[in-house]
1. Return only the number of the condition from (1) within 28 Å of residue B:161 (Cα to Cα); (2) within 24 Å of the chain's Cα centre (by Cα); (3) part of a helix (DSSP H, G or I) that residue B:237 does not satisfy.
2. Can you report the number of residues in the range B:170-189 which are farther than 25 Å from residue A:367 by Cβ, out of contact with any helix residue (DSSP H, G or I) (no Cβ under 7 Å at 6 or more places or on another chain) and surrounded by 24 or more Cβ atoms within 10 Å (Cβ to Cβ)?
3. Restricting attention to the range B:385-406, which residues are within 13 Å of another protein chain (Cβ to nearest Cβ), part of a strand (DSSP E or B) and buried (at least 22 other Cβ atoms within 10 Å of the Cβ)?
4. Restricting attention to the range B:269-292, does a residue exist that is surrounded by fewer than 24 Cβ atoms within 10 Å (Cβ to Cβ), in contact with a strand residue (DSSP E or B) (Cβ under 7 Å, 6 or more places away or on another chain) and over 30 Å from residue A:404 (Cα atoms)?
5. Across the range A:264-288, what is the number of residues that are in a loop (DSSP other than H, G, I, E, B) and under 22 Å from residue A:378 (Cα atoms)?
6. Which residue out of A:167, A:217 is more than 14 Å from every other protein chain (Cβ to nearest Cβ), farther than 28 Å from residue B:317 by Cα, in contact with a helix residue (DSSP H, G or I) (Cβ under 6 Å, 6 or more places away or on another chain) and buried (at least 18 other Cβ atoms within 10 Å of the Cβ)?
7. Which one of the conditions (1) within 8 Å of another protein chain (Cβ to nearest Cβ); (2) under 23 Å from the mean Cα position of the chain (by Cα); (3) closer than 18 Å to residue A:203 by Cβ does residue A:160 fail to meet, given that it meets all the rest?
8. Of all residues in the range B:293-308, which are away from chain A (no Cβ under 14 Å) and surrounded by 14 or more Cβ atoms within 10 Å (Cβ to Cβ)?
């Protein structure tokens, strides 16, 4: 601690690299294998903060776990890309056994199709004529695009737009659970499927049915009971479609909370799992099939690193990651290694941590790593995600569809 | 309603233009006066949704109202640009009497300085050596850049980085209200100011002191009483700085809730108002100086237009604007013209409206316009803001510092 250097306080390791500084680009003039590779040797703790970080070992393990489980259960994954909005991640899902991806918004579907993901199922209907037309233009360019529809007039509009685009477009009916989107199960849904079957420029591929509400039900048995109950009428509609001789090659549904339940529903072909790659504070407490209270099949791989801004007051720390970096979702962000800390992201620009006990004395400039409250809307706040191996930055992936909420 | 067209349901007016389609760009090869001008004649209701819209008449009136009021009070505005993150808006503030803008994050300050806004006060200290160095590089390029500092070592680091950059850098001390950021008022703050005065590469310009908590206190008199009380110690510190012969040309503070209170604090030179240009559901109920319960000096100019996705169930409407389009802030988004509607943006991709009474029968494809819950984090979700005159799109401004939370 002696000498001139002691006069200048240099926190270690807080170099604070920004994304452009971390990207490799390779040696001048070189062909770069991976345009998203990082310069070698840069520590996660040297990134400018708040930084969205992905633990690649955990991420890859999560993908492998899901692919192996679904292979055994006979229901492959069609992961929902609204979670990650990242083409590089979608490519890794496709390369390991997923049969396609899902998109929630047309702008998202467009971004993924243009980024080279061929198989995209748009899980929401398009409520405007212009979106209908845009969807059919996408279908013309990308034969692997499938569009959900939940209303008869919308089906007619799609068929007209498909005709205009010169295609016979693939569609599935979206059958509702709850009151958010989709046509209710039963006669109306069957009639919609039959109508589509008669429309000249649409090809019925089957149905989808997603129950968002059941995904976070705590306790596996409670979740299973509810999931099997809420989908009952929809499964009957699916059976009726089959009986009517309609095409039923797709019955897509489920999510990270029900990936190991949906195979019990007669006819289900694939699951739209999303959060399993990242996990978050909302999924951790839902519990596993073996009765454990923690959902342990998948490990939290997605974190935001943040820097301590203020440590002046006992029991309180201010950080640089607030609402604009972590959202207001609950439960609160989880500070890794500090179970005694309660992190609130209620301020736009600042995080506030309250604690009675901490593992060390935090100084201004120190870094903390927090598990995000709810992965989807947090990812949507960032332009890139840093892929970390050990504690070194390996890749910087653009969030391809960031902000595409249209 | 007769004829073939009745068979195809064409909702009016829902053309669904995307931003790139609306931008004028002018005739081929032409010099364009305003690169952000829209093609003429496009209705706000024809935009793809969710769309972030700014009523330009109200926006301009809000700016004029604030500039006139502050001129009278003798405390010009140094608007906080964390609210709008938009260089086009900052330019309009500067052109109408603002003496500079504020930035909350260094990435934000960088974006505004590079967009040609010369006078930027960075209101937060920089907690890492790399940010300190980056700040001083900005100062070298942009003499109008002023950096806040709230800690002695940070001041020494800044001076060292300023020396390295070959500049004498302008700084203000940030004096705390509460425990979030800033040095507490009193001896410590005075000592920090004195230290800065002795550091070879820093020039002390004064102090800033922002009370975020008081801005939304309901009732003008209650707000005034609290604002004047919380700043008392800070004003004493400011007086002590003056008495000590330090440079006190800046005493910046206040916000939209206290713009007409801060001139009562001895020494205050300017106010850091932000939300007044937009307003939001958080500011509307704070009340005006004349005792009215609604904050009526400024009109809500910022809305998100959204499209009805589902109207199947009585008393419930689903829309296409959820958390990713409106955030989870409270109070809930306010549906314009529908006081009986309660809008929840709790789903990532969907809004849910519950109502007993509505002014009309809403159909799929119909549009609604909602006042945002809290303007700052909503703006941060979008790449552009549509400037609307009457109901026509006039300009499409990029959100220059969108996502710059570092």
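1. (2)
2. Summing the residues that are farther than 25 Å from residue A:367 by Cβ, out of contact with any helix residue (DSSP H, G or I) (no Cβ under 7 Å at 6 or more places or on another chain) and surrounded by 24 or more Cβ atoms within 10 Å (Cβ to Cβ) in the range B:170-189 gives 1.
3. B:385, B:386, listed by residue number.
4. Yes, that holds for at least one residue.
5. 9
6. A:167 is the lone residue from the list that is more than 14 Å from every other protein chain (Cβ to nearest Cβ), farther than 28 Å from residue B:317 by Cα, in contact with a helix residue (DSSP H, G or I) (Cβ under 6 Å, 6 or more places away or on another chain) and buried (at least 18 other Cβ atoms within 10 Å of the Cβ).
7. Here residue A:160 clears every test but (2).
8. Matches in the range B:293-308: B:295, B:297, B:298, B:299, B:300, B:301, B:302, B:303.
The values are calculated or read from the model by the stated rules, or taken from the named source; none is laboratory data. Remember, predicted model here, so these are calculated numbers, not experimental data. Positions of Cβ are backbone-derived with ideal geometry, glycine not excepted, and every protein chain shown enters the neighbour counts.
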